[in-house]
Amino acid sequence: MKNKKHRLLKKLRRILPAEAVLGDEEQLRPYECDALSAYRRLPMIAVLPDNVAQVRAVLQLCAREQVPVVARGAGTGLSGGALPRTDGVLLVMARFNRILAVDEHNRTATVQPGVTNLAVSEAVAHLGLFYAPDPSSQLACTIGGNVAENSGGVHCLKYGLTVHNIMEVKAVTMDGTALTLGGRALDAPGFDLAALITGSEGLLGVIVEVTVKLLPQPDTARVLLAAFDQVEKAGDGVAAVIGAGIIPAGLEMMDNPAIRATEEFAGAGYPVDAEAILLCEVDGMAEEVAAQMETVDALLRQAGAVHIRAARDEHERALFWSGRKGAFPAVGRISPDYYCIDGTIPRRELGRVLRHIKKLSAEFNLRVANVFHAGDGNLHPLILYDANVPGELERTEELAAAILQHCVEVGGTITGEHGVGVEKINQMCTQFNARELAQMHAVKSAFDPGGLLNPGKAVPTLARCAEFGAMHVHHGKVAFPELERF
Amino acid sequence: MQTALADFIRETPRGREADAILRKCVHCGLCTATCPTYRLLGSELDSPRGRIYLIKQMLEGAAVGAATQLHLDRCLGCRACETTCPSGVEYGRLLESGKIVAEQNAPQRSTKARALRRLILAVVPHEKRFAFLLRIAQKLAPVLPRKLRAKIPQQRAAPAWPAPRHRRRMVVLRGCVQPAAAPAIDAAAAQLLDEHGVSLLGAGGCCGGVALHLPAAKKGLALARKTIDACWPLVEQGAEAVVVSASGCAVTVKEYAHLLRDDPAYAEKARVVSSLARDLSEVAAALNIIPAIAPRNLRVAFHSPCTLQHGQKITGVVERLLEDAGYTVAAAPNPHLCCGSAGTYSLLQPELSRQLLKNKLRDLHTAAPDLIATANIGCLLHLQSRTATPVRHWVELL
Amino acid sequence: MAATDHDASAELLRAVKQARKEKRALRIRGGGSKDFLGRELNGDVLATVSHHGITAYDPAELVVTVRAGTSVTALSAALAAHRQMLGFEPPEFGGRATVGGTVASGLSGPRRPYAGSARDFVLGLTCITGKAQLLRFGGQVIKNVAGYDLSRLMAGAMGTLAVLCEVSFKVLPLPAAERGLAFSVTQDAALQMLAGWARKPLPLSGAAYHDSLLRIRLSGARSAVDAAAAAMGGDADGGDGDVAWWRQLREFDLPFFTAGGAPLWRVSLPPAARPRLPGDSLVDWGGAQHWLRSEAPAANIFNAAQNAGGHAVRFPLGEGESGGVYLSPLPAALLRLHQKLKTAFDPDGVLNRGRLCAEF
């Protein structure tokens, strides 16, 4: 192992400048995890290329040497997708941080994968355009990571996920082949490979360039904050708004613990006594927005809102959102650690699921704060725990698993936007059967027959599921009866 | 974040503080986005989150190599990350501890690096030595190479300091570099306050900031005590505030209470001085200056020093004062980024400092300003070294 | 559910299994409305129309799940009853188009540049791969990133990877108001106007140019549509008349499509491209889709499309078969990847052999 590392370091230093190849534990330790710090692994080596030729050379070398490669952007992922391999090379793409071209006539921007999400919108703001997907970490997360995870955000009910907002992806496969997926037209010949690589969690190729779609900034955007004394009533409010044919640009819900945590950081003016608040943003032409604001106001009152306030100006609008966008880390103020879950459920199940989470929270004796993309049913329960207390992380993981299990049971999914990574790999066995997982492995093999790109993430091996299944027997049925038990 | 601090530090005040800070960090990475060095270098090790990790390793007992010291040295200490951090991680304080521990445990720096640090410590915090050397440099300037010449601030005449005539009095901390390099600033401040019923009395020298950040904690704390001693008589005589016109010094004076909290002889005095410490902008904003009636037809780009916006969390105050005074304050991109001055950073990390300065001036010039204003002597001299556009302390413009 | 509802997935699965065993090729067919589309038709017909019916629809969730043999017309009617619609506005081909064929061919109507494509609205599906396995990918919720997005991969794959069984779509509310505008301008002027409007937040839902007339469709809240119309100028081209025109465009019922003539092509380009295409064209999708009638050899058309930054598809509507010509050729590396993916889903080449590419 040591020998192998030494040899590889020598070869990598022929491809990259010495400062871009990290091999000492001291330098590697800060790369041992992404934003899901509960999972940590020291990479064997980390490299920081700054051009595509270097990326291709590194991949070719690693393919030859049979060394696994994990790509990483800003390391803001919440599912451990960029968790390194102790026997692998961590390919850090942060230096690919240039915006290559803005085509205002075709409304696209071509960027390197390490450009941050927000930087794209900032670079085109003067043209009256913006890049729509806006994950909460948009200040820091990179476009490459966004594509790899098919990131969402608070505005994706109306504007879609990353997959709906990219045109073309350039990627390099493990054998060093450069591929252009999608194109500058609205469709491309053959299979929709741009859609396939989006959300593939770095298992199919390393993204080296992305052309994103830009949208005209809405004339007007207004946000309204409604407070409820019961979570269920807020859920009813959401259903009423959608049922009335309104597609809000953003529709977010927070429960009381989440409100309290974020209010302290953002000072957004959230009512800290409310059981739930809804943030509802409508955008478009001024006339349309005014009419919709009235309708939304009336519908939410009918649903039982005890207090409704519209942001008076752009400043207050930004303030309302700042609380929501900083909600996860703000929880760091009330708890040393938190564990974020990313289940998606049909909206109608919201009340039931929240009640169930409350029950589980009491059962496991762990506090849970809930942040919810109410428009699209994406629920983010944040389990508050203390990693310094022995056993608490394990209990947290069990609670998370129980919550995700419930999301699948009510017709939802284990991950809406954060990806499977390493974190939800076992839950994949609940959501997909062995044949479906085998099909995913077959797709992986078409891109990466040696299985060297980000192995062990996103799609579990059947053996792993069999092991996991053996522990989890639901409704009297053993999962994967077709598999042998180990 | 999970922590397991090592025995050597766990139960010390420094260890307890560091542990509390580390545990607040949830490793989300938002701080990387606004970190000037991460933006330049693209390495986790040159980001706040990476440095927190390096410090954590060190405090958990791992061997400290040159890498840890290098990446901590590269930190500007601008604290933009603190403004960005939703979890409330007090990075600045953690860094201070980290640097001290690294200084004790890391392999010794090169002879050249140590000499440079000794030289800085021997000159900068000593206002008389600095003034002497500056005068020589100014005399030699005509025969120096152009690149070096640009770094030497030109002598500008200072307005007269009004004699104390008001009942309301405040102390102004004179600082180390400023009296020699830009005496006009405090004089302008004294005039402004005088016109509004407050007499400003100068006192003290170096606040200790330069030494503290180097880190030379012992010398820094000694200078802090000296400053407190210098201000104390005036405070006892009823000075309402300890005003600091350089935001970099203001942020340090505000930290005295924290820095000297375990010093029985000075804890109480430090608490009082810190509680009275005001950035000049805070004092000016409270003066109710009558807004100018006519615009001055001058565009000003304001570079808010990190020590003002991130260190003291004062935003928008100076801009409002300038607008009220009839200037057009032109917005420039990336207002949260450091100019690269950062105390002694421009001397210790010249390459990175130069790049940051270049970027900062490019950003400021997109606003096509007639003047650049700032609020800290370090930034002022640094910016002026590479631009023909006049750079002034904002108070000189009022 | 209606009496015709029927779950034929077991029969479909059996048929694929049988064909695979006998090494027979299958040609998946719904309503047969798109028999003209693709390189060539091979194998025995696998009829999907009997796999029919809406299996789940909750309007407040904005999600509908429907069997592949269901006609798009029937689905649209069911959605319209709740004032909802398929956002990508697929052609119905006189009631013959099925949900499966629509997704497999990835055809989207005039609303596509503004609302999204067929693939964009697919949330999940069940399908039978060439390995005769009934699999489920994606889900019935709007956000879902568990596993590879194999459901969206099926959109536009022309049935070469799997037989679609059941598809879940995100649906949209029907716009409260809709109206058309018309401008008599040259094509260059039209494209310029479109480029300008596309940078404004206008409630556009269609923009097409033909016969010296630029037609615009606006959809949304009444107030927004009226305000946009006032801001854009132009002539209102009649109340219901313009709705009918857009329907004709979607359904290929305009004289441009029905009158016959030179072979028809679909050329997909960046919206601001100013292509030099050999022949007569009708421009849709705000400049991003050119319907071209041209006698030029296929290679010339593929070249012209490529030079303009896009690609071309032979679209022999009403002309019989395409004669083996279909798509702009794929670059070698991409073609190899396509072949590997085909093998991953359909190793024995049972499904729609040769329909998308000659190589598989």
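Every number here is computed from the coordinates shown, using simple stated rules; none is lab data. All values reported here derive from a predicted model rather than from experimental measurement. Glycine also receives a Cβ, built like all others from the backbone with ideal geometry; neighbour counts cover every protein chain displayed.
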Seminar exercise, completed: Residue by residue through the range C:218-223, the couplings from Karplus 6.51 cos²θ - 1.76 cosθ + 1.60 with θ = phi - 60°, in Hz, x for Gly and Pro, are 10, 9, x, 5, 3, 4
Problem set entry | 27 Å Cα-Cα reach of B:Lys269 towards lysines, excluding residues that sit fewer than 8 places from it in its own chain | B:Lys99, B:Lys128, B:Lys218, B:Lys219, B:Lys226, B:Lys254, B:Lys313
Exercise. Which of the trypsin sites (Lys or Arg not before Pro) found in the range B:1-86 are in a DSSP loop and have at most 15 neighbouring Cβ atoms, other than their own, within 10 Å?
Worked result: none
Exercise. Check C:Ala56: other-chain or 5+ apart residues with amide H under 5 Å from its amide H, H built from backbone geometry?
Worked result: C:Thr65
For this session: Would you kindly enumerate the cysteines in chain A that have no other Cys beta-carbon under 4.7 Å from their beta-carbon?
Result: A:Cys33, A:Cys62, A:Cys141, A:Cys156, A:Cys280, A:Cys340, A:Cys407
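With a/c under 1.5 counting as rounded, go ahead and sort the range A:28-140 into rounded, prolate or oblate using the C-alpha gyration tensor (a ≥ b ≥ c being the square roots of the eigenvalues; past the cut-off, prolate if a/b is larger than b/c, else oblate).
Oblate, because a/c is 1.5 or more while a/b does not exceed b/c.
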Exercise. Amide H to amide H, which residues 5 or more places from B:Val329 or on other chains are under 5 Å from it, using H placed in the peptide plane?
Worked result: B:Val300
Problem set entry | From phi via Karplus (6.51, -1.76, 1.60), per-residue ³J(HN,Hα) for the range C:324-333 in Hz, x at Gly/Pro | x, 10, 9, 10, 3, x, 8, x, 3, 5
Exercise. Using the alpha-carbon centroid of each, what span in Å lies between the range B:108-162 and the range B:323-368?
Worked result: 21
Seminar exercise, completed: Rounded to a whole number, the mean other protein chain Cβ count within 10 angstrom for residues of A:22-33 is 6
Problem set entry | Label point distance in nm, B:Lys358-C:Asn307, each placed 7 Å from Cα along Cα→Cβ | 4.1
Exercise. Among rounded, prolate and oblate, which fits chain C when a ≥ b ≥ c are the square roots of the eigenvalues of its C-alpha gyration tensor, a/c under 1.5 means rounded, and a/b larger than b/c means prolate?
Worked result: oblate
Seminar exercise, completed: Inter-part gap, Cα centre of the range B:211-250 to Cα centre of the range A:142-219, in whole angstrom, is 55
Problem set entry | FRET E, pair A:Ala53, C:Lys17, Förster distance 60 Å, beta-carbon r, rounded to 0.05 | 0.80
Seminar exercise, completed: Applying a 4.7 angstrom Cβ cut-off across chain B, unpaired cysteine residues come out as B:Cys25, B:Cys28, B:Cys35, B:Cys75, B:Cys85, B:Cys231, B:Cys339, B:Cys379
For this session: Taking the Cβ of C:Arg119 as the centre, find all other residues whose Cβ is under 13 Å away and add up their charges (Lys, Arg: +1; Asp, Glu: -1).
Result: -1
For this session: Quick one: which residues, 5 or more positions from C:Gly261 or on another chain, have an amide H under 5 Å from its amide H? H modelled 1.01 Å from N in the peptide plane, none for Pro or chain starts.
Result: none
Exercise. Per residue of A:321-329, what is the mean number of Cβ atoms on other protein chains within 10 angstrom of that residue's Cβ?
Worked result: 3
Exercise. If you find the alpha carbon centre of the range A:276-310 and of the range B:52-94, how far apart are they in angstrom?
Worked result: 44
Problem set entry | Cβ crowding within 10 Å averaged over residues, with C:75-86, A:105-116 ranked highest first | A:105-116, C:75-86
Exercise. In percent, how large is the relative contact order of chain B, given Cα pairs closer than 8 Å and 6 or more residues apart?
Worked result: 14
Exercise. Cα axis of helix C:239-250 to longest principal axis of chain C: angle in degrees, 0 to 90, nearest 10?
Worked result: 40
Problem set entry | Local electrostatic count at C:Gln18 - Lys and Arg +1, Asp and Glu -1, tallied over other residues with Cβ under 14 Å | +3
Problem set entry | Cβ-derived FRET efficiency at R0 22 Å, B:Gln155 paired with B:Phe132, nearest 0.05 | 0.95
Exercise. For the protein assembly as shown, what is the mean residue ellipticity at 222 nm derived from helices alone (per DSSP H run of n ≥ 4: -39500 (n - 2.57); sum divided by total residues; nearest 500 deg cm²/dmol)?
Worked result: -11500 deg cm²/dmol
Seminar exercise, completed: Straight-line reach check, A:Lys2, cutoff 23 Å on alpha carbons, 8 or more apart in-chain or any other chain, hits among lysines -> A:Lys10, A:Lys11
Problem set entry | Computed label-point distance, nm, for sites B:Gln237 and A:His307 using a 7 Å Cα→Cβ extension | 5.1
For this session: Quickly work out the B:Asn288-to-B:Glu195 label distance, labels modelled 7 Å from Cα along the C-beta direction, and quote it in nm with one decimal.
Result: 1.7
Problem set entry | Per-residue average of Cβ from other chains inside 10 Å of A:441-448 | 5
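Tell me whether the range A:220-329 comes out rounded, prolate or oblate; compute the Cα gyration tensor, take square roots of the eigenvalues as a ≥ b ≥ c, and use a/c under 1.5 as the rounded threshold.
Oblate, since a/c reaches 1.5 and b/c is not below a/b.
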For this session: Please give the net charge around B:Lys219, taking every other residue with its beta carbon less than 13 angstrom from that of B:Lys219, where Lys and Arg add +1 and Asp and Glu add -1.
Result: +4
Problem set entry | Whole-Hz ³J(HN,Hα) from phi, Karplus 6.51 cos²θ - 1.76 cosθ + 1.60, for the range A:110-115, glycine and proline x | 10, 9, 6, x, x, 5
